[in-house]
Amino acid sequence: MCGSRGKVTFLIPALNEAETIGHVIRAAQKCEAVDQILVVDNGSTDDTGRVARELGAEVTCCPERGLGHAIKAGLAAAKNRWVVKADGDMQNFETRWISVMLDAIDEGVGLVKSYWPHEVSGWPETYFLIKPMLRRIDPRLATVRMPISGVYSVDTMLLDVGILANDWSIDLDLVYRVSQQGASIREVELPEVQHNERPLSAYFEMADQLLAYLLRIAHRHSHQHMLLVMAHPDDAEIWVGGSLVKHLLDGGTADLVILSGTEERRAEADVLAGLYRGLTVHHSGSEGGQQIDNSEARALIERVASARRPFAVITHAPGDPHPDHISTNTATHSALMRLAHADAPARLLYCNGYFGGNLHLDGFKPDTFVDISDVAETKYAAIRNHVSQDPELWVEMAGAMDILNGMRCGARRAEAYRRSPYPFFQESVETLI
């Protein structure tokens with residue numbers, strides 16, 4: 001028996017590897033744990049796809065060039081929870097490598113990475129760029145010997161495939177996201193992989209994309225915690241749900257303060273915290289149908305903000321027509337103004353409001369947009385958790401708003417925000433996430 005974790009998918013992203021891919025496929029076919037061999041043809045101009053099919057592999061075409069695009073297409077098509085990935089040009093790939101990867105899987109492990117001890121050889125970007133950057137971004141990741149090694153096994157249950165990187169940084173992105181989900185990364189030693197020779201110029205684009213990715217996650221970590229202050233239990237999902245999900249999936253954390261709601265509605269709101277690691281929900285004592293107690297609300301917001309020191313706070317806009325939204329905005333302002341300057345957020349943002357405040361000329365005028373195209377359906381599913389509130393009505397309204405805001409910023413769907421005009425909350429940062 002090859003491995004001890006049940007059946008797995010063996011994934012090979014491939015581009016013009018007709019001469020070598022047969023060796024990798026035959027090696028995988030000898031492993032009893034593999035019941036799906038999936039080759040993703042990333043626009044090959046040779047016979048890669050034909051060779052793979054003739055050997056009995058399942059072939060998926062991915063015309064969008066890029067290693068990330070190819071791996072994402074394979075993860076989406078995989079029928080098993082665990083996927084073992086290898087490259088199609090590995091000239092010395094062995095069946096036992098799969099067994100070694102699978103035997104390393106244990107409780108709490110989300111990713112098994114390969115490494116070999118011949119450091120710098122063939123991987124200068126790892127030791128001169130990636131590892132020093134990771135050590136500064138998140139010390140937990142600095143212990144991974146070879147973050148971009150091409151042989152690994154991953155638990156797809158930990159991934160939202162749609163938001164993974166599309167380019168050479170995909171392997172590094174998997175390391176980052178599995179770690180942010182709280183799962184362990186285990187490493188196993190394999191012989192140094194013998195790839196097809198590449199000219200040095202082939203690494204220029206790779207290094208550029210890896211550097212861009214590292215800068216993005218460095219930005220995420222410097223802006224890691226948000227505070228949302230909403231009037232009702234479903235407001236966060238309706239107005240900022242996509243931004244929140246995207247932030248949490250990127251490894252950020254957030255507090256959600258809800259200032260009114262019945263016990264039934266509070267229970268519906270708490271479902272969201274159960275879905276995402278990194279989100280904490282707080283409720284004030286105000287019951288639905290009663291006026292929000294501004295002093296109690298202010299104290300709760302101030303207490304949470306002081307303890308967590310968020311980089312950004314999001315609440316309802318001052319011109320929102322709903323009375324509870326206006327009270328929430330007032331309580332938020334009052335609480336934040338009482339904070340010591342060192343504890344104050346860099347930015348206060350107002351979320352979008354109902355159609356009446358959005359379409360007329362003097363209505364909500366956003367200056368910040370978050371593209372939520374890749375998480376929109378996740379947002380709408382979260383709204384549907386609020387079964388007491390005729391959720392399909394709110395899904396329809398939120399969807400229409402997201403499309404409208406997407407048209408404003410060139411995305412398929414987006415959420416809109418306006419920065420607070422108060423100088424106390426101004427910082428020269430271009431994007432929210």
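In the context of the full set of protein chains, the stretch 11-57 has a per residue accessible area of 42 Å² (1.4 Å probe). Out of the DSSP beta bridges found with both residues in the chain, what percent are antiparallel (nearest 5)? About 25 percent, rounded to the nearest 5.
For the residues ASP46, ASP234, a 1.4 Å probe over the protein chains yields an accessible-area ranking, largest first, of ASP46, ASP234. With all protein chains kept in place, the per residue accessible area of the stretch 77-175 amounts to 37 square angstrom at a probe of 1.4 angstrom.
The C-alpha atoms of the chain define a longest principal axis, and helix 391-409 lies at about 80 degrees to it. Could you work out the helix-only [θ] at 222 nm for the chain, with each DSSP H run of four or more residues adding -39,500 (n - 2.57) and the total divided by the number of residues, to the nearest 500 deg cm²/dmol? Computed mean residue ellipticity for the chain: -11500 deg cm²/dmol. Over 21 Å apart at the Cα level, from the set LYS72/LYS246; LYS85/LYS379; LYS113/LYS379; LYS79/LYS379; LYS7/LYS85; LYS79/LYS246, are LYS85/LYS379; LYS113/LYS379; LYS79/LYS379; LYS79/LYS246. Helix 202-222 and the long axis of the chain differ in direction by around 30°, with both axes built from C-alpha atoms. 3J(HN,Hα) along the stretch 70-87, derived from phi through the Karplus expression 6.51 cos²θ - 1.76 cosθ + 1.60 where θ = phi - 60°, amounts to 5, 5, 4, 4, x, 4, 5, 8, 5, 9, 10, 5, 9, 10, 9, 10, 9, 8 Hz, with x in place of Gly and Pro. Proximity of backbone amide H atoms, modeled 1.01 Å from N, is registered between VAL59 and VAL39 at under 5 Å, excluding neighbours fewer than 5 places apart on the same chain. Here the peptides 373-381, 328-336 are ranked by packing, the mean other Cβ count within 10 Å, and the order with the highest first is 328-336, 373-381.
Taking springs between alpha-carbon atoms closer than 10 angstrom, which of SER295, SER169, SER284 fluctuates most in the Gaussian network model of the chain? Fluctuation is largest for SER295.
Considering every pair of different Cα atoms, what Kirkwood radius, in Å, is found for the chain? Over the chain, the inverse of the mean reciprocal pair distance is 23.6 Å.
Estimated at 0.36 nm per residue, the fully extended path between GLU54 and ARG81 surpasses their Cα-Cα distance by 7.1 nm. Carbon and sulfur atoms: what percent of the 1.4 Å accessible area of the stretch 1-96 do they account for? Ligands and nucleic acids excluded, carbon and sulfur reach 45 percent. Scanning residues 5 or more positions from ALA414 or on other chains, those with amide H under 5 Å from its amide H are ILE372, ILE403, ASN405, GLY406, with H placed 1.01 Å from N in the peptide plane. In the stretch 1-72, the ratio of gyration radius to Kirkwood radius, Rg to Rh, stands at 0.99 when only Cα atoms are counted.
Across the stretch 313-329, coupling constants 3J(HN,Hα) worked out from phi with the 6.51/-1.76/1.60 Karplus curve, θ = phi - 60°, read 10, 10, 8, 6, 6, x, x, 5, x, 7, x, 5, 5, 5, 4, 5, 4 Hz, and Gly and Pro carry x.
The values are calculated or read from the model by the stated rules, or taken from the named source; none is laboratory data. Nothing here was measured: the structure is a model prediction, and the numbers come from that model. Reconstructed Cβ throughout: ideal geometry from the backbone, glycine too, with neighbour counts over all protein chains shown. In case anyone asks, the SASA skips ligands and DNA or RNA and just uses the protein heavy atoms, side chains included. Shrake-Rupley method; radii C 1.70, N 1.55, O 1.52, S 1.80 Å.
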